Amino acid sequence: MSDKKARSQGAVQTTGHAWDGDIQEFNNPLPTWWLWAFYATVVFALIYWVLYPAWPVGGSFTKGLFNDITFVDSDGSVKTTHWNTRALLIRDLKEGEEARLSAEYMSKVADASYAQILADPEMMAYTRSVAKGLFGDNCAACHGSGGQGVIGLFPNLADDAWLWGGSIDQIHKTIAEGRYGFMPAFRDTFNDKQLRDVASYVLSLSGNKVDNAARARGEKIFQTQEGGCHYCHTPAGTGLKSQGAADLTDQIWTIADVNGTDDPAVKLERVEKVISGGVQRQMPHWSERLTPAQIKLLTVYVHELGGGQ
Amino acid sequence: MIKHENIETNAGLLIVLTLIVISIGGLVEIVPLFYINDTVEKVSGVRPYTPLELRGRDIYQREGCYLCHSQMVRPFRDEWLRYGHYSLAAESQYDHPFQWGSKRTGPDLARVGGKYSNAWHVAHLINPRDVVPQSIMPNYPWLQTTDLDYSDVQARMRALKRTGVPYSETQAEYDHNVATFGPETANKLDILHAEENLMQQALANDYDGQRDRVTEMDALVAYLQVLGTMVDFSRYDEGYFAEFR
C-alpha cells in the first residue's frame, strides 16, 4: 500500500498509507522549536533522576547527588544527609526564623515567674497570641473557643465560679495534672422522696423558691451522716475546692441546667437527676503533651479569660 | 519483523502489545514498593488493632469518616505545631486499607488518640455542635444506641491475617506474637479469644458511658483513642526518622 499516489493536498506530505482506497494520513512535521524543547525536557528528566532521590534499588533507593542538608538532631549532634522533608522540618523547627523568635520568647516565659509575666505587657502580648492557638488546639474542643464550656459536660472557664480554684497555682495544677471530678450516685441510697427533699434544699441554697417542708427534710439529710453531702459541699454549701465540689449557693450551675428553665418542677427534676446519677468527669493531664512553658502560657491565658482570682 | 502497519490493522495483536507496554510501566512503579523496606521506620510499639478497635475501625469506614478526615500528619511545621509528630510509614503498616486520605474537611485524626476524653468523643459523635458550636460534622447518634455486632469479629481478623496482619490462630503464631509484641498484646491478637477480649476491653474501659451494654460507640471511641498513640516518640532522636527518607 505504499504506492505513492498523487498528493491530494498540494505540498503537504502524507504518510503513504491509503485506507479504503483513497483515505490518506497527512504527515505534518513537528515545529523544530517544539521538537528541541521536547528533547530538552527528556535531558532535564534524566539529570533530575540522577540528582533527586528517585530510583528504587533493591531494598533501598538512590539518594540523589549534591543535595546535602545539615541539621541539629535532638541529642545536639550535627548530622548531614541527603535532602528530605524530614530533615528540612527538623532544621526548620530548630533554626527557622519563626522558631528562633519563638524559642527566644519561650525561654523568657519559662524563666519568668507568673507574677513577672502578668506584670510585663510584652510577655502578656506574646502569651495572648501564642496561648490563643494552644487553647484553640488543645482546650477549645471541650471548653469552647471562648472558654464558655458546655453545661453538664465541661466547665465554663470565663466566669467567676471555679470547681478546683481559680488562682494561678490552682489553674496550673489543673492543666498539668488533670482533675477527676467525682460525686457518688445516690440512686441506691435515697428513695424518690429523699431525692426530692435534698434537691429542694440544694435549690434553696441559691435562693430558689421551694417547698419549705421538703427543704427542711432535705437540709437534715444534707447536713448529717444520712446523706453526707456537707463533707464535700461544706455545711454552708460553698463547696470544697480541694474536692472539686461545686458551690451550691451561687447562681452558676455547671452540671444540672437549672438556669435553662423557669419551671420549678423541671429545676427540681434536673437537680434530682444529678444527685441520683452522680458525677464522673475527667480533665486530662497535659504535662506529657505540652511543655512546661506552654502550660505556663495556657495557665495565664485561662486566668485572664475573665474569672482568674 | 512486525511492521507498524501490521499492528495497527490487527486489533488482537494491538490489544496484547498495549497490555504488555502498560504492564511494564505499572510494574516498574509498583514492584519496587514490595521490596523497599528501607523506608519503613523500625520503631517499637506498633501493633495490630485489638478486636474492639478493629470493629471501631470498620465502623469508621462504614460511616465514611475518611471522606472528611485524613489520618496522616505531614512533615511540615504548621502540621507539627497543630497535630504533633508527623506520621510514620510504620504506624499504618497494619492498616488494610490505610486511612491516610488527602481530603481534610475536618481535622486530621492521625494523632487524636488520648487528646480528648471518652465522654467528649461520645458527646461529639452524638451531636458535634454540643461541644464545637461551629462544627459542620453530621450527627451519629445511632452509634450510642446500636449494640455492637461482634459475631463475625473472628472472620474479620482472619481476613486481615490473609493480608499479612499478624493475628494468631496456631500456637506457633501465638508464640511468634509473644516474642514480637510481648504476652499482654499477643493475647489480644489471638483470634480464638477475640469475642472474649472484645467484651473485656469494652467493659473495662466503658468508652460510651453505658456500663450495661457494648455499643458501636464503644468500638469507635476505642479506635479513635488508640490512633497515633502506639509509638513513644520520646525514645527516638528526630534525626533517626530522617534516615528513612
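The values are calculated or read from the model by the stated rules, or taken from the named source; none is laboratory data. Given the structure is predicted, the values throughout are model-derived calculations rather than measurements. Don't worry about glycine lacking a Cβ; one is built from the backbone with ideal geometry, like all the others, and counts go over all protein chains shown. Quick note on the areas: whole protein, heavy atoms, side chains included, nothing else; ligands and nucleic acids left out. Shrake-Rupley method; radii C 1.70, N 1.55, O 1.52, S 1.80 Å.
Quick notes on this one:
- Shielding by other protein chains, B:234-245, mean Cβ within 10 Å: 6
- When chain A is described by a simple charge dipole with +1 on each Lys and Arg Cβ and -1 on each Asp and Glu Cβ, the residue from A:83, A:264, A:198 located farthest towards its positive end is A:83.
- Length gained when the stretch residue B:62-residue B:193 is fully extended (0.36 nm per residue, less Cα-Cα span): 44.7 nm
- For the stretch A:226-289, the C-alpha radius of gyration divided by 2.2 N^0.38 Å, with N the number of residues, is 1.30.
- Taking the C-alpha atoms of chain A, convex hull volume expressed per residue in Å³: 362 Å³
- Charge dipole magnitude, Cβ of K and R +1, D and E -1 - the stretch B:51-242, Cα centre, debye nearest 20: 700 debye
- Distance histogram in 10 Å bins (all Cα pairs of the stretch B:159-210, percent per bin): 25, 47, 23, 6
- Relative to the dominant Cα principal axis of chain A, helix A:192-205 is inclined by about 90°.
- Spin-label pair residue B:129/residue B:81, simplified geometry with 7 Å Cα→Cβ offset, distance in nm: 3.2 nm
- Cα principal axis extents for chain B, largest first, Å: 77, 51, 42
- Base-10 log of normalised Debye intensity for the stretch A:32-94 (one unit scatterer per alpha-carbon) at q = 0.13, 0.27, 0.29 Å⁻¹: -0.52, -1.05, -1.11
- In this assembly, the A-B interface accounts for approximately 3200 Å² of buried accessible surface in total, computed with a 1.4 Å probe and without ligands, DNA or RNA.
- Residue-averaged 222 nm ellipticity for the protein assembly as shown, from DSSP H runs of 4+ at -39500 (n - 2.57), nearest 500: -14000 deg cm²/dmol
- Cα long-axis angle, helix A:121-138 against chain A (0 to 90 degrees, to the nearest 10): 80 degrees
- Over 25 Å between alpha carbons, listed pairs A:193/A:267; A:79/A:296; A:220/A:267; A:94/B:103: A:79/A:296; A:94/B:103
- Cα centroid of the stretch B:14-29 to Cα centroid of the stretch B:90-161, whole Å: 40 Å
- Computed Kirkwood radius, in angstrom, where 1/r is averaged over Cα pairs of the stretch A:128-210: 15.6 Å
- Given charges at beta-carbon only (K, R positive; D, E negative), |dipole| of the protein assembly as shown in Debye: 420 debye
- Between the stretch B:193-230 and the stretch A:86-156, the alpha-carbon centres lie 34 Å apart.
- Residue B:108 sits among other residues whose Cβ lies under 14 Å from its own Cβ, and their net charge, with Lys and Arg +1 and Asp and Glu -1, is +2.
- Translational D in µm²/s for the stretch B:116-245 (Stokes-Einstein at 4 °C, 1.567 mPa s, Kirkwood Rh from C-alpha pairs): 76 µm²/s
- Protection proxy ranking, peptides B:3-14, A:118-129, average beta carbon neighbours within 10 Å, highest first: A:118-129, B:3-14
- When a 1.4 Å probe is rolled over the protein heavy atoms, the share of accessible surface on chain B that falls to carbon and sulfur comes to 59 percent.
- Other-chain or far-sequence residues with amide H under 5 Å of residue B:36's (modelled H): none
- When Rg and the Kirkwood radius Rh are both evaluated on Cα atoms of the stretch A:39-167, their ratio Rg/Rh stands at 1.22.
- Of all accessible heavy-atom area on the stretch A:32-94, the percent that carbon and sulfur account for (1.4 Å): 73 percent
- A simple charge model with +1 on the Cβ of Lys and Arg, -1 on the Cβ of Asp and Glu and nothing else charged puts the dipole of the stretch A:32-94 at about 40 debye relative to its Cα centre.
- Kirkwood-based Rg to Rh ratio, the stretch A:182-282, C-alpha trace: 0.92
- According to the calculation over all Cα-Cα pairs in the stretch B:1-89, the P(r) per 10 Å bin from zero is 12, 20, 27, 17, 13, 11, 1 %.
- Spread of Cα-to-Cα distances over 10 Å intervals beginning at zero, given as percent, for the protein assembly as shown: 3, 13, 18, 20, 17, 12, 7, 5, 3, 2, 1, 0
- For the stretch B:28-144, the spread of Cα coordinates along the three principal axes comes to 48, 34, 28 Å, biggest extent given first.
- Of the DSSP H helices in chain B, those whose Cα atoms cover at least 24 Å axially and whose Kyte score averages -1.0 or more: B:11-35
- Using the average count of surrounding beta-carbon atoms within 10 Å as a protection proxy, the listed peptides A:39-49, A:69-79 rank, highest first, as A:69-79, A:39-49.
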